[in-house]
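Reviewing the structure listed below.
The values are calculated or read from the model by the stated rules, or taken from the named source; none is laboratory data. Values in this document were obtained by computation on a predicted structure and should not be read as measured data. Note that we place each Cβ from the backbone using ideal geometry, even for glycine, and neighbour counts take in every protein chain shown. Ligands, DNA and RNA are stripped out before the accessible areas are found, and what is left, the full protein with its side chains, is counted by its heavy atoms. Shrake-Rupley method; radii C 1.70, N 1.55, O 1.52, S 1.80 Å.
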Amino acid sequence: MASKLKKLVDDSKEGSGTELDLVDKGIVNILEIPGFASLKNLTKLVLAHNKISSVPPNIANFLNLEIIVLFNNIIEELPTTLSSLPKLKILNVGMNRLNSLPRGFGACPMLEVLDVTYNNLSENSLPANFFCLDTLRALYMGDNDFEHLPPEIGRLKNLQVLVLRENDLVELPKDMGELTRLRELHIQGNRLTVLPPEMGNLDLVGTKQVFKADGNPWVTPIADQFQVGISHVFDYIRSDTYKFLYGRHIAARADPPPKSVDKSKKISRIKK
Amino acid sequence: MSATAGPRRNLFNLQPLDATTPSPLFQRRRVAVGEETGHEANILHLEEDLSATMSLGNAVCQRCNDGFKMDEQIVNSSGLWHTYCFVCAQCFQPFPEGRFFEFEGRKYCEHDFCVLFAPSCGKCGEFISGRVIKAMNASWHPECFRCFCCAKILADEGFVKNQGRALCKDCNAMEKAKGLGKYFCFKCHSIIDGGHLKWKGEAYHPYHFNCHSCGIELKEDAREKDGELYCLRCHDKMGIPICGACRRPIEERVVHALGKTWHVEHFVCAKCEKPFLGTRHYEKKGLAYCEIHYHQLFGNICFVCNNIINGDVFSAFNKAWCVNHFACSICDKKMSQKTKFFEFDQKPVCKNCYDKFPGELKKRLKKAYDEAVKAGKI
């Protein structure tokens, strides 16, 4: 096994030495990859479908890293040093067992795409500076446990893609209306009943845009608009009638709909 | 009547306040300066004279009204004075070098006279002796009173008041033209009423020129070509290209693009309206775009490297990828046009990776897919 890995690392070195793809190689510990430490010029590291349980803090020594893919491992915690990588643009830690993101993670200077799909994250597990990541253009948070999206989401001005598919969201903040560059929004499979009227600012209607909102217990007027089309939904939430109804709905403080999805079978939940 | 008219006129020898002729003040002062050598001579002469004619026993001093002692020196200057009474009315000091200035019956040394009565120049602030120019509510040395624009001395030629400035006649005409928003003909130096013709950077009455081709007297719509002026008719007959944006003839550099001709500065990006100025442009549906806006509008920015895609574009899920970056979003395996892939949150996933998804996720994805098909969305 180790000799096979060594050959792959050597192959990488013989090439440009800047990219290392070790997908589905049964790797348990990054530090056990033979010759790994010598790949100082690494720009891309792809370790999807392995058995890695932790990321060593000295990952921060690979100063040229731009892309890290750790999809489908068993990582529970990321090192705080991750945010010091000066060139990191794409980080994919989807399908792991993350219960939190490291302290200070929002300091990543260049991060453009963050994929934390299929973990155990919620609004309580984000670091305080998370929404300082204003270079983000895509944020994938589907299959997590958010019930409330922090209003600071409005600070991610460059966001073009936001995926909140199959969380436990009971409401969206009005600050969503500030994400004017958004052209892809996935909020299907949550517990949403209403949309803030401010979301009328967003341009999500059209052939170049994506707006997925199925599988939510919408109030009847909104559900009716979804029946006739997404453009009708946005026209409706911009109307004064809706603003009035929305205000009354919020003032009534009705109990949110119960959780309807059983997540116990998610592999991110399974304990060692 | 005639007997009384004479003395009365003498009594009230007043000048109007705004008179431009020198006031009696200056006449008198001029006399005093003119006779300055005479004064000294006069004093000396009188001293001799008086020592000889002691018979004037009842003579009194003009200032203190006392008589004179026998051997006392007396000053004779419009009356007799004790030498110690013949002093400046302001500083009570003898007159330096015997020079004094008289005003309203009092005598002053030069310094005090200037301080009290002499005008100071509106430009240099110095006292003026000699000729005074009274103008613009101030006094001036003749060499200090100049045109505001060209600094020509105005004392003898006269001036025109223009917005609180003194101007010579030429400058005034120029300023007036400017103030009216009109041009000043470079040839005949008069204001151009109506349209002007720009020629080598100067404005002219159009009628000073004739068409280089047909000889007709030009109007303001005349045009220049190769250093000659033509009437509009002749100019249009010479086959000059017309700009596709402003519809006016193009006299300088011509841009040929989109099957039309353009002024360099009018051939612009349809989105940001900045001129291309020779940089590459991209055409789409009869419009031209700069590189940035073409790709921004038509979506050819790679989702991975966020750079503009030059060359082949892979498009899927409302995203685009450059050839090098179109790969499985999970294992980074390169994909081609023929590769089959699955959709996961609007990202491409290869079959290998999709097969590794946990069963419960695959079940949910399939359910969502089936519902979408049922609703007619796919």
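Using 1/(1 + (r/R0)^6) with R0 = 41 angstrom and r between the beta carbons of residue B:310 and residue A:38, what's the FRET efficiency to the nearest 0.05? Numbers along the way, then the final one.
Working: r = 34 Å, r/R0 = 0.83.
Efficiency for this residue pair is about 0.75.
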Original post:
To the nearest Å, what is the center-to-center distance of the stretch B:278-308 and the stretch A:58-105, using C-alpha atoms only?
Top reply: 33
Original post:
Between residue A:3 and residue B:318, what is the FRET efficiency for a Förster distance of 35 Å, r being their Cβ-Cβ separation, to the nearest 0.05?
Top reply: 0.20
Subject >> Paramagnetic label zone (point 7 Å from Cα along Cα-to-C-beta, residue B:296; backbone N under 18 Å) in the stretch A:127-149 >> reply: A:135-138
Subject >> Per residue accessible area of the protein assembly as shown, 1.4 Å probe, in Å² >> reply: 56
**OP:** Would you mind computing, in nm to one decimal, how far apart the modelled labels at residue B:217 and residue A:81 are, each placed 7 Å from Cα along Cα→Cβ?
**Re:** 9.1
Subject >> FRET E, pair residue B:285, residue A:231, Förster distance 25 Å, beta-carbon r, rounded to 0.05 >> reply: 0.60
Original post:
Using a basic spin-label model with each label point 7 Å from the Cα along Cα→Cβ, how many nm lie between residue A:264 and residue A:107?
Top reply: 4.1
Original post:
Each residue of the stretch B:123-137 in order: what ³J(HN,Hα) in whole Hz does its phi give by Karplus 6.51 cos²θ - 1.76 cosθ + 1.60, θ = phi - 60°, with x for Gly and Pro?
Top reply: 9, 9, x, 7, 5, 10, 10, x, 6, 10, 9, 9, 6, 6, 6
**OP:** List the pair-distance distribution P(r) of chain A, using every Cα-Cα distance, as the percent of pairs falling in each 5 Å bin from 0 up to the bin containing the longest distance, rounded to whole percents.
**Re:** 1, 6, 11, 16, 16, 14, 12, 9, 7, 4, 3, 2, 1, 0
Subject >> Two-site label geometry, residue B:59 and residue B:106: point separation in nm, points 7 Å out along Cα→Cβ >> reply: 2.6
Original post:
Ratio of the protein assembly as shown's C-alpha Rg to 2.2 N^0.38 Å, to two decimals?
Top reply: 1.91
Subject >> Calculated from backbone phi, Karplus (6.51, -1.76, 1.60) coupling profile of the stretch B:327-334 in Hz, x at Gly/Pro >> reply: 8, 4, 6, 10, 9, 6, 6, 4
Original post:
When the Cα atoms of the stretch B:157-254 are enclosed in a convex hull and the volume is divided per residue, what value in Å³ results?
Top reply: 129
**OP:** Could you run the Karplus curve 6.51 cos²θ - 1.76 cosθ + 1.60 with θ = phi - 60° over the stretch A:33-50 and give me ³J(HN,Hα) per residue in whole Hz, x for Gly and Pro?
**Re:** 5, x, x, 5, 4, 7, 8, 5, 8, 3, 9, 10, 10, 10, 10, 5, 6, 10
